[in-house]
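Comments concern the structure below.
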Amino acid sequence: MADRPPLPPFTRETAAQKVQAAEDAWNTRDPHKVSLAYSPDSVWRNRGTFVTGRAEIAEFLSRKWEREREYALRKDLWAFDGNRIAVRFQYECRDTDGQWWRSYGNELWEFDEHGLMTRREASINDVRIEEEERRIHGPRPESERGATFPVR
């Protein structure tokens, strides 16, 4: 199995790199590309949905991005220790009826020795917003990398 650097144990710098890489991948909205960051037997809890393995991850993400149009995400490193990283995130999208949403969440990640995520637990809350309240427009510009994203 090929390594997917950075590898654990994480430092502040390598944990931040892992978080930015995840944000970049998710902003492509390419389920297959995103699924490659996870181990073949990775286990997820996403809200009340439980998913196991890359194939189920890709299927889950395909369904997600069919519903969540114009999805754009920001992730911030919260904490790290050894092979674990905690992340807070926000994303915005519009539903199939045109309603805009901002979703706030926290993720707990665990990695194997190859740098693949073996476990992801996500808790997420959604807030209805108006289009003019949007503040996440596409992938993060290079000039904003490393900046903490405000809660409000």
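The values are calculated or read from the model by the stated rules, or taken from the named source; none is laboratory data. None of these values were measured; they are calculated from a predicted model. Side chains included, ligands, DNA and RNA excluded: accessible areas come from the protein's heavy atoms. Shrake-Rupley method; radii C 1.70, N 1.55, O 1.52, S 1.80 Å.
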Problem set entry | Value of [θ]222 nm, deg cm²/dmol, for the chain, DSSP H segments ≥ 4, -39500 (n - 2.57) each, nearest 500 | -7500 deg cm²/dmol
Exercise. Excluding ligands and nucleic acids, what accessible area in Å² is computed for Arg88 using a 1.4 Å probe, to the nearest 10?
Worked result: 40 Å²
For this session: For Ser143, tell me the accessible area in Å² from a 1.4 Å probe, rounded to the nearest 10.
Result: 110 Å²
Exercise. Which angle from 0 to 90°, rounded to the nearest 10, does the C-alpha axis of helix 12-28 make with the longest principal axis of the chain?
Worked result: 50 degrees
Exercise. In degrees from 0 to 90, rounded to the nearest 10, what is the angle of the helix 54-67 Cα long axis to the longest principal axis of the chain?
Worked result: 10 degrees
Exercise. What percentage of the solvent-accessible surface of the chain, computed with a 1.4 Å probe over protein heavy atoms, is contributed by carbon and sulfur atoms?
Worked result: 50 percent
Exercise. Do you know the relative contact order of segment 1-66, to the nearest whole percent, from alpha carbon pairs under 8 angstrom that are 6+ apart?
Worked result: 24 percent
